[in-house]
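Structure first, then comments.
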Amino acid sequence: MALGVIHNIDQNFDRALYHFAEALKFASGRKAATLWNKIGATLANSGRSEAALLAYEQTLALRPNYPRAWTNLGVAHSNLGDTERAMRFYLTALVLNPAASHLWYYVRSATISLGKFDWLGLAENRDLEGLRALLPAGAVPTRGEILEKGVGKVPQEDSTVLHRLLGMIKNV
């Protein structure tokens, strides 16, 4: 995994992906979820946000209470132009980690991108429940729902997801 991180820092994204994929062969549980999140971030950082979605979905299927993965999923959707969906994921990350003040930057940016200027006061006041109330019912799950039900997806075999990702990207 360390080689993947080093290659990611050097922006040698395809080599980073290779090393993260190799590390997955020996990982399970939280470690596998962390690796999938790193794969997603590497894909997103290299301009492949659509492929990153698969990696983040796998991360959350393995570890639904991982706020960073929810945030990254939001960023990937935002990169793809789906700011409304991104907002839901940012708020879900805040449900899981209300103390993460940096997440409010994403919420505020999404609010502005959506043209929901009347929501800005809620974002500025860090009113999570107020923002949740403005979205359709169930759009942002409660902490209990996340912990009880997960994300409603069963993790796929790592090799299956990697194969799908390789079909979407080149040079790995």
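Observations on the structure shown:
- Sorted peptide list for 62-73, 121-132, criterion being average Cβ within 10 angstrom, highest first: 62-73, 121-132
- Net charge of the neighbourhood of Thr142, taken over other residues with C-beta under 11 Å away and scored Lys/Arg +1, Asp/Glu -1, is 0.
- P(r) weight above 19 Å for region 66-150, C-alpha pairs, percent: 28
- Sorted peptide list for 75-81, 94-100, criterion being average Cβ within 10 angstrom, highest first: 75-81, 94-100
Readers should treat all values here as calculations from the given coordinates under stated rules, not as data from a laboratory. Since the model is a prediction, treat every value here as computed from it, not as a measurement. Cβ: placed from backbone, ideal geometry, glycine included. Neighbour counts: every protein chain shown.
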